[in-house]
1. Using 7 Å Cα-to-Cβ label points, what is the E154/R51 separation (nm, one decimal)?
2. Subtracting the Cα-Cα distance from 0.36 nm times the residue separation, let me have the gained length for Q177 to S124 in nm, one decimal.
3. Net charge within 12 Å of A146 by Cβ-Cβ distance, Lys/Arg positive one each and Asp/Glu negative one each, not counting A146 itself?
4. Can you tell me the length gained on complete extension of the stretch D161 to R82, counting 0.36 nm per residue apart and subtracting the Cα distance?
Amino acid sequence: MKVTRMMWYANTVILTGALLAVTATAASQQLASTLHAGSATATEDSSRAERRRLSNVKAFRGIAPKLNTTPDALHTAFERARQVNPKLSRGNFIAANILADNLGARRPNVTTAALLSGLQNGYSLGQTLQSLGLSPLESKQARRAADRRVKDGEQRVKDEDRRERSRQRALEAERRQREREGPDHKG
């Protein structure tokens, strides 16, 4: 058991170092690509990439406030983690962050880095949680709590979007009504 824990801690340290190295490399590559971008096609490609990035950031709107961060910061962390583990899905990344947030106070060895390291090594989140000392029942309960938290966040965003669309429709109807009444109408 001690050897397994030592391996997890070693993997966590290695993953953290790799994330730092990837961040430095990505920053320098981004700077280099910014310096060399200048043609019209590069502008079109960059606007398309920007739209894609904004839609990906939008996907983190629901859970970011629950993790006390911004959607942009969460997206950046996801992209860095994807560079280390290309098979990492957005759902597993969000679940790892939520599980670490939920369990981190009671179990300091359950961190986002440890969970992402387990996923990178081919283990499921449940297997990773169990290897970090949780029982199968605790692991299942933790994953269910994380799923509920994600669904609550998604529902909050859907409700906000619905209210915003409603407000926009009301403003548009009001504008059309003013146009129909014309400039001579007093009221």
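1. Going by the 7 Å Cα→Cβ label model, 2.5 nm.
2. On the way: separation 53, 0.36 × 53 = 19.08 nm, distance 5.68 nm.
Gain on extension, Q177 to S124, equals 13.4 nm.
3. Working: positive: K66, K140, R143, R144, R148, R149, K151; negative: D101, D147, D152.
In short, +4.
4. On the way: separation 79, 0.36 × 79 = 28.44 nm, distance 2.84 nm.
Extra length available between D161 and R82 comes to 25.6 nm.
Rule-based calculations on the coordinates, nothing more; no lab input. Keep in mind that this is a model prediction, so the values were computed, not measured. Heads up, the Cβs are rebuilt from the backbone with ideal geometry, glycines too, and the neighbour counts pull from every protein chain shown.
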